Amino acid sequence: MFIHRHSFTVRHSPVVPARAHGRRLAAFVLAPILALAAAGCSAGGSNSPAKADVGADDTTPVTITFWHGLSSAHEVAAVNAVLAKFHQKYPYITVQAVSGQTDDKVNQAIRGGTAPDVASSFNAANVGGWCASGAFQDLSADIAADHVDMSQIPQAVQSYTAFDGKRCTMPWLADTFGLYYNKKLFAAAGITAPPKTMTELAQDAKKLTVFNPDGSIKTAGFMPYLGTYQMVTEHLVTSWGGKWLKPDGTSNVASDPAFAAALTWQKNLVDWFGAGKLAKFKAGMGDEMSAQNAFETGNVAMMVDGEWRTAFIKNDKSDVDYGTAPMPVADDKPELYGSGYVGGNVIGIPKGSKHPAAAWKLVKFLTTDTDAVASFADAIGNVPTTIAALDSPALTLAQDPDFATFLEVFKNPATSTTPASPDGGAYLTDFGPFAEKWQNGQVPDLKAGLAGVDKQNDAALKLSQ
Amino acid sequence: MGTLSLVTRAARRPPGPDPQTSPAVRAKRRRTRIRILLFLSPWIVGFTVFLAYPLVMTVWLSFTNSDMISSPHFVGLRNYRYMFSDDPQIWQAVRNTGWLMAVMVPAQVLFALGVAMVTARLKAGAGLFRTLFYLPALAPPVAATVAFVCLFNPSSGPVNKILGLIGVHGPLWFDSPVWSKPALTLLTLWGSGTMMVIFLAALLDVPAELYEAAELDGTNPLQRFRYVTLPTISPVVLFATVTAVIAALQYFTQAMVASQTADGSIQAPPGYPGGSTLTFSQQLYTAGFTQFHMGYACALAVVLFAVAMVFTVALLRRASGFNTEEATQ
């Protein structure tokens, strides 16, 4: 089994001097390496400036590929339905949709030169990286050539779909976050209205929590443990109006008191439960995107979540009696009540798209056609991203008071998002481990810890420059 | 083999007058060289495309700011400076990878050797038990990891339920920063069937007369293991250790899947819980494939390659010294 190393020794022929023989062999091996190196390793070489795609009037039949991340059966069916409408309008363009794709796969396909013609993402934080690197094509020229009225897209939404002056993606519906609460459990605990401040949220959470005889959690009033479903720092600090980055793009978490205040509130509630108990309870919670979701099963009384949960609750046939409200806000920031965190789904044309003209038609249709936007938002229970679609009668969800909450949050001028950065929002990824250490009591000095995060984020940002 | 015999034949040619002058001989020699290169070409192509080129490019990219989408530009040693002084996660990743090498590798080698020794001695049902112990190695790592996380779920998993029946308060396993790596080690032990089979083959190859001679000399089982079994199978133990060390240095899939499954989200913070399962390879993946820092990821890969080389050379040297010492005794 084990190969003795002497068995690799090869004797050279005395006819060809060993050194010359070695040189020729080395040249033979190195030549293709250098040739490959000279060919470059990036996908397609230099970035071309934005220009309108030629062939806009070309009606030659074409098939384009479209990768999206939606995977639930009702969501995939909704995508196929809106694509059928597109095919009706452009019969010569056939769209091959591939569901359940992730950003990492899209990046790798672009790098490998096998990118789809159109790709979408749930993660607007990646827009910075895509625009800065040229991974997604600048759509400005197409927008100008087709006279697309960008004013129909709210300013906040426009901001997270472009980066550094480059509009490399368009918004394809938005996710808006708020509070879901279980009305039955509220009534049992004698709570008459959803909390409006974070102090009220903590008080209600304690009232609603039920422990088992062995001390473990049976029903959690609210899961303060960061990393549980949508309970993440970016959704939490919005209630304090936290700003992640300074205008120059450097990290702001130590300078902005919102972060220390939010984390202190969160840690106090974690300590009330016990971090170990919360970790155990979290491990037993059902899959977030399934009918076993702990809110849908009544094991969690309140949770922060996106508007899509209304559609999930309906599709899962959950019998949870629930209501929705804007997220409670910090006691000293009452003016923020009614706003929330908005995260966007984005769509664009990756570098290497083989049919960019047809791809642009699809992107334009999905993001600006009022009926397409409103009907798709209605089908998957997301917030539409054009003003016309928000007001469209086709948006029947607007009549559902639980969904209407999110439309109001979306329209609120104080509603905010996490800014794009050229490294795909690495400042958020790197905050995760810090937040985990914090809630497990491994950060003795919060201010010093946050200052350390700033330093690390700024150093990481320099890697992209 | 064909190439080797050609070279050997050429080497055995008797000395004669200087053949450089004859065009016919030169032509023949050229044909021989071309033939040699043709025989070597599958290796040369494979080596060039799958090893040399990626290696050269990785080293070059480690000195650049590259996202593998736009053109890279040279930044000198900046990536290496960032790695050693600024990366917030790297030392955690190094510690975790070091833990796996220091604890998981010896545990795996000892466990596989122990199981191999037991199954080698079995008189009845040897085939059945060898198959049973080997079977887990056939499970795809992702599926096996997901299954383990479910089995060890502190809230609903059967492991803690069984422990509870005997009065043991089970830990949080994959949800605990302290227990996540031991849980991964258990997963590795469960799946170490391939190493067990290699040890088994080596153990069955130990000449029976050596044991008989040792028994006649009045040795006890421990002495027989120390002075007969171990020296005979030591090349195989070395092979297993070197490959396990390299596998630990590149440990990725199980850590990543366990972290995401235990957290319940593919957007789990790297190394959940508390960075305890963040390995060097995961840090490399995050930098290169999600944060557009492919230049930095290449710098991490270069360091990983260098460390793997150092460990391999050190282990081989240590072992060759051990063998020589044994041979002289």
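Annotations for the structure displayed:
- Cα-based radius of gyration of the stretch B:192-269 once divided by 2.2 N^0.38 Å, which approximates compact folds: 1.72
- In the protein assembly as shown, the DSSP-assigned H stretches of four residues or longer account for a calculated mean residue ellipticity at 222 nm of -16000 deg cm²/dmol, using -39500 (n - 2.57) per stretch and the full residue count as denominator.
- The mean number of Cβ atoms from other chains found within 10 Å of a Cβ in peptide B:293-300 is 2, as a whole number.
- Stokes-Einstein D (µm²/s) once Rh is taken as the Kirkwood radius of chain A over alpha-carbon pairs, at 20 °C in 1.002 mPa s: 87 µm²/s
- Nearest-0.05 FRET efficiency for A:VAL148 and A:THR396, computed from C-beta distance (R0 45 Å): 0.95
- Remark: mean inter-chain Cβ contacts per residue of B:49-56 equal 3, using a 10 Å Cβ-Cβ cutoff to other protein chain atoms.
- Projected onto their three principal axes, the Cα atoms of the stretch A:322-435 cover extents of 53, 41, 24 Å, largest first.
- Each principal axis of the Cα atoms in the stretch A:262-305 has its own extent, and those three values, largest first, are 32, 20, 14 angstrom.
- Mean projection area, nm², convex hull over Cα of the stretch B:232-285: 4.1 nm²
- C-alpha long axis of helix A:198-208 to longest principal axis of chain A, angle in °: 70 degrees
- Values of log10 I(q)/I(0), in the order q = 0.13 Å⁻¹, for the stretch B:215-308 under a Debye, Cα-only, solvent-free model: -0.61
- Summed residue charge, Cβ within 14 Å of A:LYS411's Cβ, Lys/Arg positive, Asp/Glu negative: -3
- Counting only residues at least eight positions apart within a chain, or on another chain, the aspartates and glutamates with an alpha carbon under 16 Å from that of A:LYS105 are A:ASP117, B:ASP67.
- Average Cα contact separation per residue, chain A, under 8 Å, 6 or more apart, as relative contact order %: 24 percent
- Among the listed pairs A:LYS282/A:LYS447; A:LYS282/A:LYS314; A:LYS243/A:LYS333; A:LYS196/A:LYS447; A:LYS166/A:LYS351; A:LYS437/B:LYS161, those with a Cα-Cα distance over 18 Å are A:LYS282/A:LYS447; A:LYS282/A:LYS314; A:LYS196/A:LYS447; A:LYS437/B:LYS161.
- Tilt relative to chain A, helix A:73-89 - C-alpha long axis, 0 to 90 degrees, to 10: 60 degrees
- For the peptide A:423-431, the mean number of other protein chain Cβ atoms found within 10 angstrom of a residue's Cβ is 4.
- The Kirkwood hydrodynamic radius of the stretch A:76-148, based on inverse pair distances between different Cα atoms, is 14.2 Å.
- Shape box of the stretch A:90-224 [Cα atoms, principal axes, largest first, Å]: 63, 34, 34
- The protein assembly as shown: C-alpha gyration tensor shape, a/c 1.5 cut-off, then a/b vs b/c: oblate
- Legend: calculated FRET efficiency, A:SER290 to A:GLU200, from the Cβ-Cβ distance at R0 = 25 Å, rounded to 0.05, equals 0.25.
- Calculated from the alpha-carbon coordinates, the stretch A:184-281 shows an Rg and a Dmax of 15.4, 53 Å respectively.
- Positive-end residue of B:LEU203, B:ALA244, A:ALA156, charge dipole of the protein assembly as shown with Cβ unit charges: B:LEU203
- Compactness relative to 2.2 N^0.38 Å, alpha carbon Rg of the stretch B:121-229: 1.49
- For the stretch B:81-328, the calculated P(r), taken from all Cα-Cα distances in 5 Å bins from zero up to the bin holding the longest distance, is 1, 6, 11, 14, 15, 15, 12, 10, 8, 5, 2, 1, 0, 0 percent.
Every number in this text was worked out from the coordinates using simple rules, so none of it is lab data. The shown structure was predicted, so the numbers you read here are calculated from the model rather than taken from an experiment. No Cβ is skipped: glycine too gets one built from the backbone with ideal geometry, and neighbour counts run over all protein chains shown.
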